1. Could you identify the single residue in Gly4, Gly16 that is of a type in the set (Gly, Ala, Ser), in contact with a Cys (Cβ under 7 Å, 6 or more places away or on another chain) and in contact (Cβ under 8 Å) with a residue 60 or more places away in the chain?
2. So the check is Cβ under 8 Å with 6+ separation or different chains; which pairs have a first residue in segment 66-93 that's farther than 19 Å from Leu27 by Cβ and in contact (Cβ under 8 Å) with a residue 24 or more places away in the chain and a second one that's among the charged types (D, E, K, R) and surrounded by 15 or more Cβ atoms within 10 Å (Cβ to Cβ)?
3. Among the numbered conditions (1) in contact with a strand residue (DSSP E or B) (Cβ under 8 Å, 6 or more places away or on another chain); (2) within 26 Å of Ile126 (Cβ to Cβ); (3) not acidic (Asp, Glu), tell me where Ile112 comes up short.
4. Suppose we filter segment 14-34 for residues that are crowded, with 19+ Cβ neighbours inside 10 Å and in a loop (DSSP other than H, G, I, E, B); how many remain?
5. Quick test of your reading of the structure: Met118 fulfils all but one of (1) of a type outside the set (Ser, Thr, Tyr); (2) surrounded by 15 or more Cβ atoms within 10 Å (Cβ to Cβ); (3) within 15 Å of the chain's Cα centre (by Cα). Name the failing condition by number.
6. Could you tell me whether any residue of segment 86-93 is at pLDDT 90 or above, surrounded by fewer than 16 Cβ atoms within 10 Å (Cβ to Cβ) and either within 18 Å of the chain's Cα centre (by Cα) or over 17 Å from Ala36 (Cβ atoms) (or both)?
7. Which pairs have Cβ atoms under 8 Å, sit 6 or more apart or on different chains, and link a residue in segment 142-155 that is under 13 Å from Val54 (Cα atoms) and surrounded by 21 or more Cβ atoms within 10 Å (Cβ to Cβ) to one that is modelled with pLDDT of 95 or more and aromatic (Phe, Trp, Tyr)?
Amino acid sequence: MKIGIYPGTFDPITNGHVDIIKRASKLFDKLYVCVAHNIQKETFFTEAQRLTMVKTVCEEYKNIEVIASSDLIVNIAKKLHCDAIVRGLRAVSDFEYEFAYAAGNEYLDNSIEMVFLMASSNTSFISSSAIKEFRYHDVDVSKLVPKIVVEYFSIRERELNIIKK
């Protein structure tokens with residue numbers, strides 16, 4: 001059985017992430033989608049909200065299990081007996097970051113492969129950061145994210161008492 005893990009902050013999950021999830025689910029018998037805590041990022045959505053959004057998006061895939069963790073992805077992958085860590089690449093700028101990430105993971109455990117999937121051309125410009133920026137400036141993001149994300153933006157904005165222009 002081939003097992004993969006696709007980690008991300010998913011703040012929020014985008015249609016680009018969904019595209020990678022869909023394609024990775026075909027490569028592995030089991031795929032974990034891990035809502036990860038990144039100490040270098042301050043998230044807009046809570047972990048519980050991100051987890052709910054990702055679980056909702058992934059519920060149609062029978063071979064996917066959604067988890068959350070603040071541990072190193074390599075440690076999680078080892079505990080779950082994963083063969084590979086899946087990462088998405090949108091542009092050359094992503095490659096530099098992912099190359100260093102892969103080297104670090106190889107240092108920690110060289111038995112876990114890194115699998116990189118290129119973003120589809122229609123999602124290559126989408127990033128969680130861009131989605132948040134667009135939303136802040138009242139740009140309609142509904143074609144760039146799953147429906148539940150739009151709902152959770154409204155919820156989170158009310159929680160934070162963010163008044164839209």
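1. Working: Gly16 fails: in contact with a Cys (Cβ under 7 Å, 6 or more places away or on another chain).
Criteria check complete, one pass: Gly4.
2. From segment 66-93, the pairs are Ala68/Glu47; Ala68/Arg50.
3. Just one mismatch for Ile112, condition (2).
4. Residues flagged as crowded, with 19+ Cβ neighbours inside 10 Å and in a loop (DSSP other than H, G, I, E, B) within segment 14-34 amount to 2.
5. Against the list (1) of a type outside the set (Ser, Thr, Tyr); (2) surrounded by 15 or more Cβ atoms within 10 Å (Cβ to Cβ); (3) within 15 Å of the chain's Cα centre (by Cα), Met118 comes up short only on (2).
6. Within segment 86-93, the subset at pLDDT 90 or above is 86-90.
Cutting the leftovers down to surrounded by fewer than 16 Cβ atoms within 10 Å (Cβ to Cβ) gives us none.
The answer is no, given that none of the residues of segment 86-93 is at pLDDT 90 or above, surrounded by fewer than 16 Cβ atoms within 10 Å (Cβ to Cβ) and either within 18 Å of the chain's Cα centre (by Cα) or over 17 Å from Ala36 (Cβ atoms) (or both).
7. Listed pairs, sorted by first residue: Tyr152/Phe45.
The values are calculated or read from the model by the stated rules, or taken from the named source; none is laboratory data. These numbers come from a predicted model, not from an experiment. Neighbour counts are summed over all protein chains in view; Cβ atoms, including those assigned to glycine, are modelled from backbone coordinates with ideal geometry.
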